[in-house]
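Student: Take this structure, written in structure tokens, and hold onto it; I'll ask about it next.
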Amino acid sequence: MSSVDVVIPCYRYGAVLPTAVRSVLDQPGVNVRVLVIDDASGDGSADVARELAAADSRVEVWEHDTNKGHIATYNEGLLGWASADYCALLSADDALTPGALKRAADVMDAHPSVGFVYGRPLHWDGSDPLPAARTESQGSIVYKGRSWLRRRFELGDGCITSPEVLVRTSLQQKIGGYDPALPHTGDIEMWMRFALHADVGYLRGVDQAYYRVHGNNMSVNYYSASGVRDLQQRLAAYEALLDRANGQLPEKAALEKEVRRVLAKDALRRAGRAYDRGRSSDEPIDELVTFAEKAYAEADRLPEWHTLRLRQRLGVRASRALSPLVLTAPARRLRQMYRLRQWKRAGV
């Protein structure tokens, strides 16, 4: 039976911590251990963690005297504690679906070349009980690591939220953990770094984890202000991966140009949507355009550039009136068709 170590960092999430821990302990078909790391919560969360450990010998608790932040806490558990066949990181406000660990472990047991396995996350509002999840496996796909990695550059998005991933521990500790320079997109860079060295498994048609969506998600600050910071961090993740490739990607220049083009288009689309919504005076249009120009030298040749300029010439009132019929609807349909096709091919 495969063994799995699960690291649960906790900062002031004592109220929901039992749900996360129980979702791991109740996993069938694998031997599990849980490490809860309380990052100096100071609100009683550590007391909850100690009670959970007292009730089940498979639970261990580490407590920080001072707050170290999420990246340091992640790496402390994954690199300094995990020793099982496989390991996972689960935020204290998330949870695993029934059977998630065995489904993922079975793929890596069958395919030694696979470095990590993921499926779909089920977004959850924190209500009790947990919503029903799809748990009947529809099979799996094994992607060559480099092929999966190239798809990330083509789409400009990591496609993984995090709790739905199980990693081969030997790979995690060989390649390293989260990059402190990437507080928002360290996971994207790390998954791509793994794909440089191993194949990638994807579980079809099942929900592997509950991802709790609420106002305190760390990503909220990056998606505010039309996502300029999100775009900057996404580009930083791809640049960091390319810097670390050390000659392993002969097509490095082409990949960099492609992801810069994709992110520039994204920035310009966001700017255009601000006009469609009548929010051009409230959102950072100039910052989005500046990002696009810096990210991609040929930004002014992109279709999104010209439609944005058209919106600006027409003004907010005309843009809002025309956008459903002229400016955005055909492009939206084409983008949706393209993305669905790419996601289907990429298993996302």
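The values are calculated or read from the model by the stated rules, or taken from the named source; none is laboratory data. In this text, all values refer to a predicted model and were calculated from it rather than measured experimentally. Here the Cβ is made from the backbone with ideal geometry for all residues, glycine too, and neighbour counts use every protein chain on show.
Student: Can we say residue 109 is over 29 Å from residue 236 (Cβ atoms), out of contact with any Lys or Arg (no Cβ under 7 Å at 6 or more places or on another chain) and either modelled with pLDDT of 95 or more or of a type in the set (Phe, Trp, Tyr) (or both)?
Tutor: The answer is yes for residue 109.
Student: Answer yes or no: is there a residue in the range 266-282 that is touching a residue at least 24 places away in the same chain (Cβ under 8 Å), assigned to a helix (DSSP H, G or I), under 24 Å from residue 147 (Cα atoms) and outside the structural domain of residue 157 (by TED's automatic domain parsing).
Tutor: yes
Student: Can you name the residue in the range 263-288 that is closer than 11 Å to residue 304 by Cβ and within 21 Å of the chain's Cα centre (by Cα) and, of all such residues, is modelled with the lowest pLDDT?
Tutor: So, considering only residues that are closer than 11 Å to residue 304 by Cβ and within 21 Å of the chain's Cα centre (by Cα), the one modelled with the lowest pLDDT is 270.
Student: Buried (at least 21 other Cβ atoms within 10 Å of the Cβ), small (Gly, Ala, Ser) and within 26 Å of residue 240 (Cα to Cα): which single residue out of 274, 254, 292 fits that description?
Tutor: Result of the check over 274, 254, 292: 292.
Student: Where in the range 56-166 are the helices (runs of 4 or more DSSP H), entirely inside, with at least 2 residues that are under 28 Å from residue 262 (Cα atoms) and in the same structural domain as residue 28 (by TED's automatic domain parsing)?
Tutor: 145-155
Student: A further question on this structure: Can you list residue pairs whose Cβ atoms sit under 9 Å apart, with the first residue in the range 73-87 being within 25 Å of residue 40 (Cα to Cα) and the second being basic (Lys, Arg) and not in a strand (DSSP E or B)? Count only pairs 6 or more apart in sequence or on different chains.
Tutor: Pairs that qualify, where the first residue is within 25 Å of residue 40 (Cα to Cα) and the partner is basic (Lys, Arg) and not in a strand (DSSP E or B), are 76/68.
Student: So for the range 334-345 (the condition being closer than 30 Å to residue 203 by Cβ, modelled with pLDDT of 95 or more and either in a helix (DSSP H, G or I) or not assigned by TED's automatic domain parsing to the domain that holds residue 183 (or both)), does at least one residue qualify?
Tutor: No, that holds for no residue.
Student: Please state which one of 105, 132, 92 is at negative phi, of a type in the set (A, V, I, L, M, F, W, C) and more than 21 Å from the chain's Cα centre (by Cα).
Tutor: 132
Student: Let me ask another. Scan the range 26-35 and tell me whether some residue there is of a type outside the set (Phe, Trp, Tyr), closer than 16 Å to residue 210 by Cβ, over 21 Å from the mean Cα position of the chain (by Cα) and in the same structural domain as residue 109 (by TED's automatic domain parsing).
Tutor: Yes, the range 26-35 contains at least one residue that is of a type outside the set (Phe, Trp, Tyr), closer than 16 Å to residue 210 by Cβ, over 21 Å from the mean Cα position of the chain (by Cα) and in the same structural domain as residue 109 (by TED's automatic domain parsing).
Student: In addition: Can you tell me how many residues in the range 108-143 are touching a Leu at 6+ places or on another chain (Cβ under 7 Å) and of a type in the set (A, V, I, L, M)?
Tutor: 2
Student: Going by the structure shown, is residue 179 assigned by TED's automatic domain parsing to the domain that holds residue 114, assigned to a loop (DSSP other than H, G, I, E, B), modelled with pLDDT of 95 or more and in contact with an Asp or Glu (Cβ under 9 Å, 6 or more places away or on another chain)?
Tutor: It is true that residue 179 is assigned by TED's automatic domain parsing to the domain that holds residue 114, assigned to a loop (DSSP other than H, G, I, E, B), modelled with pLDDT of 95 or more and in contact with an Asp or Glu (Cβ under 9 Å, 6 or more places away or on another chain).
Student: Residue by residue through the range 41-55, note down the ones that are part of a loop (DSSP other than H, G, I, E, B) and either under 16 Å from residue 22 (Cα atoms) or within 25 Å of the chain's Cα centre (by Cα) (or both).
Tutor: Of everything in the range 41-55, just one residue is part of a loop (DSSP other than H, G, I, E, B) and either under 16 Å from residue 22 (Cα atoms) or within 25 Å of the chain's Cα centre (by Cα) (or both), namely 41.
Student: Limited to the range 295-316, what total is found for residues that are in a loop (DSSP other than H, G, I, E, B) and more than 16 Å from residue 279 (Cα to Cα)?
Tutor: Summing the residues that are in a loop (DSSP other than H, G, I, E, B) and more than 16 Å from residue 279 (Cα to Cα) in the range 295-316 gives 4.
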